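Shown next, in structure tokens, is the structure this report addresses.
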Amino acid sequence: MPRRHIRVTGAPEAPLRAALTALRTELGVPESFPPAAQAEAERGARAPVLPATDATDIPFLTIDPPASTDLDQAMHLARRPGGGFRVRYAIADVAAFVVPNGPLDTETHRRVTTLYFPDGKTPLHPPTLSEDAASLLPGRIRPAALWTIDLDADGRTVAVDVHRALVRSRAKLDYEGVQRQLDAGTAEEPLALLKDIGEARERLEVERGGISLNVPEQEIVEVERDHAYTLTYRAPLPAEGWNAQISLLTGMAAAELMLAYGTGVLRTLPAAPDGAVGRLRRTAQALSVDWPHHVSYAALIRSLDPRRPHHAAFLQECTTLLRGAGYTVFRDGDLPPITTHSAVAAPYAHCTAPLRRLADRYASELCLAAVDQQPPPDWVLAALDALPKEMAEGGRRAGAVERGCLDIVEAALLKDRVGEVFEGCVVDVEERKPTVGTVQLESPAVVARIEDDDGTPLPLGERLRVRLTRADLGAAGVRFAPA
């Protein structure tokens, strides 16, 4: 989904707004919170359940897109005496505000996740909580699940603790500003340690065979001078990857805690099916991507430049190995057959975004219980078995929202340009029907279906002049053919 979320201007009856409204209706996206759920959120905001531990002396900071106000995580990084690092990671404590089995809890199980649209978002929790009382905004004292993870000099985990505490963020930073400081060498600790720890964790990721795909993203950008919008490609900044490593570190620590505890909810991904990597090797050969046999898949991924068309096409193909992720629940020491996430190459859990993702609240509660060696709360156990199905349904709806929004914006951008020719690159071709695939335009940043009606197989990974044949804000979307 778009990494920065913009507001689409224009009258409600405008075609773009109407198409987005139709998409919401089609996908059953709720318009507002039920009155009882909203009232409960307001009561929780006024009187949350606060922990006794006070950690407000730790100068936490957050790193998020500039316009974000639903801040789930705050961090503090430090060096340990004698070598290594200490990562403190505060996660918003949603359970301090939500009454188990109450109206708001019921509504969050219906929503499952925050949904992002170009003209606004549909939050998991009312903004009263998600953008105010529970958000780790700077200068505000907030309840949190406070993780303390000690690392050795190589970035390996040596000790983990999590407990409830009051925290206070000192600064709200954004990725671009953080990257500028780190590049210029002007960042002071603890921010300067983000690069050191992030790079150490990236090296360990390569060592264990983990995968981080650096695929260019489509981003919806507002054009301020005429209140319009366009699509551009955006490669994630290194600082975003280092920040993500802190979240991955915490998710891996959470998984290990729950596995040792015997009850938990993991984010799992089976290993790629037989033949999948072999197919990628054939694709690499077709795209002239050099993949020596002694080079691992994970190492190859890190060597690619997403700005090069052949590499971007191959990275797009690599996403096929990441399909099939889901949530796996276990209890009472009966561990599931699959406990790892093959892209992380380790056990892993979602626990760092509870304001925007339902499962994280449950993982957080189970980790707190594990550290305290106490039974899980009854409300957690009662909801655990249904969680994988709920999250799967929510994930499908979020994926449909993401693709639907991009289809609508692409069609709105191109609706008056049917028949024009564009420069692009074929980034995917269907195995069973090689005349059908996906083309990525150079400008605007459109990724859409292409089909050769003459029956000629599409040239995977090659530059191609393509003609726009359709741009429909409805279900048909955008379509191209070779020029």
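The values are calculated or read from the model by the stated rules, or taken from the named source; none is laboratory data. Predicted, not measured: the structure shown is a model, and the values here were computed from it. Cβ atoms come from the backbone with ideal geometry, glycine included; neighbour counts cover every protein chain shown. Keep in mind that these areas ignore ligands, DNA and RNA; they rest on the heavy atoms of the full protein, side chains included. Shrake-Rupley method; radii C 1.70, N 1.55, O 1.52, S 1.80 Å.
Computed per residue of the chain from DSSP H runs no shorter than four, each worth -39500 (n - 2.57), the mean residue ellipticity at 222 nm is -10500 deg cm²/dmol. Taken per residue, the accessible surface of region 53-121 reaches 34 Å², heavy atoms only and a 1.4 Å probe.
The magnitude of the dipole of the chain, with charges of +1 and -1 set on the Cβ of Lys/Arg and Asp/Glu and taken from the Cα centre, is near 140 debye. Of His310, His341, the order by accessible heavy-atom surface (1.4 Å probe, DNA, RNA and ligands excluded), from most exposed downward, is His310, His341. With an a/c value of 1.5 or above and a/b not larger than b/c for the gyration tensor axes a ≥ b ≥ c computed over the alpha-carbon atoms, region 173-327 is described as oblate. Please list, by residue number, everything in region 372-399 whose backbone N is under 16 Å from a paramagnetic label point 7 Å out along Cα→Cβ of Thr53. The answer is 372-374.
Rg over Rh for region 93-228 works out to 1.01, using Cα positions for both radii and the Kirkwood form for Rh.
Of the solvent-accessible surface of the chain, computed with a 1.4 Å probe and all protein chains present, 50% belongs to carbon and sulfur.
Highest average first, the peptides 279-290, 114-125 ordered by how many other beta carbon atoms sit within 10 Å of their residues are 114-125, 279-290. Computed from Cα atoms, the angle from the helix 358-372 axis to the main principal axis of the chain rounds to 30 degrees. Inter-part distance, region 312-370 to region 54-96, computed on C-alpha centroids, equals 21 Å.
Dipole magnitude for region 29-180: about 420 debye, using +1 per Lys or Arg Cβ and -1 per Asp or Glu Cβ, origin at the Cα centre. Expressed as an acute angle from 0 to 90° and rounded to the nearest 10, what is the orientation of the C-alpha long axis of helix 193-208 relative to the principal long axis of the chain? Taking Cα atoms only, the helix is inclined about 70 degrees. What shape does region 62-108 have by the C-alpha gyration tensor, where a ≥ b ≥ c are the square roots of the eigenvalues, rounded means a/c under 1.5, and otherwise prolate means a/b greater than b/c and oblate the rest? Oblate is the answer for region 62-108, as a/c is 1.5 or above yet b/c matches or exceeds a/b. Measuring nothing but how far apart in sequence close Cα pairs (under 8 Å, 6+ apart) lie, relative to its length, the chain scores a relative contact order of 16 percent. Derived scalar couplings between HN and Hα for region 457-474 equal x, 6, x, 4, x, 9, 5, 8, 7, 10, 10, 6, 9, 7, 8, 10, 5, x Hz in order, rounded to whole Hz, by the Karplus curve 6.51 cos²θ - 1.76 cosθ + 1.60 (θ = phi - 60°), x for Gly and Pro. Compared with the dominant Cα axis of the chain, that is its longest principal axis, helix 387-414 is turned about 40°.
Taking a quarter of the surface of the Cα convex hull of region 247-302 gives a mean projected area of 5.7 nm². Given axes a ≥ b ≥ c from the Cα gyration tensor, I'd like to know whether region 17-121 is rounded (a/c under 1.5), prolate (a/b larger than b/c) or oblate. Because a/c hits 1.5 or more and a/b fails to exceed b/c, region 17-121 counts as oblate. For region 224-309, the list of GluC sites (Glu not before Pro) that fall in a loop by DSSP and count at most 13 other C-beta atoms within 10 angstrom reads Glu224.
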